[in-house]
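One structure below.
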Amino acid sequence: MRILIAGPAKAGNVWTKCMIANCYQLRPLDGAEIPDGAKLDDLKRWLDAGRFPDQTIFHQHFPYSLALVTLVEAVPAHLVTVVRDPYDAFVSSYFAIQSGAGRAHAGPRRTDAILNKPLDSPEVYAYLQTGGFRQHLVRAHDYIQSGRSTILRYENLHRDPVAELTRLTEVIGPVAEERLTRSIDACSADNMRKAGGQTAGHVRTAKVGDSRERLTEHHLAIFRELHADLIREMGYQVR
């Protein structure tokens, strides 16, 4: 069994990977073991080199394409996508940028404009207003609309993780509820923080609704103006 979690960042990918890996006793691939980037050519070269062994799982933020699905199915591997409330995902992305996530391996980025800027600063408003976050929404939207990936929702994983993971296992392969429960417990936010290293760095608040406490009316107005179409089609409420 091989599983690729593909889709947008800051959607709970590391947490979900942990739970799925525990469910199926898969080895997570990380760091230098996974494709260098999120381009289709990166994945193709990596697969051609035989670097996706059986009984492993990894995540990367590949945009959706039919060519991607074709490559993954030919392995064969299962494709999974985690989606999250766009407002919460934006807040999580903002704090990841402030922490310098990924800076050691990247040149100049558009997000540099909001580095070390308050969430309610003119720079952050301008970043949103000029479409700085839209690609994140497009990536999630495209996977949902494709029908070619098993979609998990971050909010459902918090609300009823057993039910949400059961939906996944009905597609990939049955797992006893007892094992699901053990996997969920093993991958709690506290346990992931205790694990230290890169895994701990992906866990901040690990909760639903953080954006309701942090975003201003100005943020929400920009989301309504620019992203209402995608938010609705993703199955979330426009605020």
For this session: Output the residues belonging to segment 207-239 that are surrounded by 20 or more Cβ atoms within 10 Å (Cβ to Cβ) and either among the polar types (S, T, N, Q) or modelled with pLDDT under 95 (or both).
Result: Ser211
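Here is a yes/no grid of residues against (1) surrounded by fewer than 13 Cβ atoms within 10 Å (Cβ to Cβ); (2) of a type in the set (Gly, Ala, Ser):
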{"residue": "Asp54", "(1), (2)": "yes, no"}
{"residue": "Gln60", "(1), (2)": "no, no"}
{"residue": "Leu128", "(1), (2)": "no, no"}
{"residue": "Gly147", "(1), (2)": "yes, yes"}
Exercise. Can you find a residue in segment 52-68 that is more than 24 Å from Ala21 (Cα to Cα) and over 18 Å from the mean Cα position of the chain (by Cα)?
Worked result: yes
Exercise. Name the pairs whose Cβ atoms lie under 7 Å apart, with the first residue in segment 132-150 and more than 18 Å from Val171 (Cα to Cα), the second among the acidic types (Asp, Glu), and 6 or more positions between them or separate chains?
Worked result: His141/Glu233
Seminar exercise, completed: Expected single match for within 22 Å of Arg153 (Cβ to Cβ) and surrounded by fewer than 23 Cβ atoms within 10 Å (Cβ to Cβ) among Ala38, Ala32, Ala11 is Ala38
Exercise. Under 8 Å by Cβ, and 6 or more places apart or on different chains, what pairs join a residue from segment 157-180 that is touching a residue at least 60 places away in the same chain (Cβ under 8 Å) with one that is small (Gly, Ala, Ser)?
Worked result: Leu157/Gly12; Leu165/Ser183
Exercise. Mind checking which pairs have a first residue in segment 18-40 that is aromatic (Phe, Trp, Tyr) and a second that is surrounded by 14 or more Cβ atoms within 10 Å (Cβ to Cβ), Cβ under 8 Å, 6 or more apart or different chains?
Worked result: Tyr24/Met1; Tyr24/Ile3; Tyr24/Ile57; Tyr24/Ile172; Tyr24/Val175
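The values are calculated or read from the model by the stated rules, or taken from the named source; none is laboratory data. These numbers come from a predicted model, not from an experiment. Note that each Cβ is placed from the backbone with ideal geometry, even for glycine, and that neighbours are counted across all protein chains shown.
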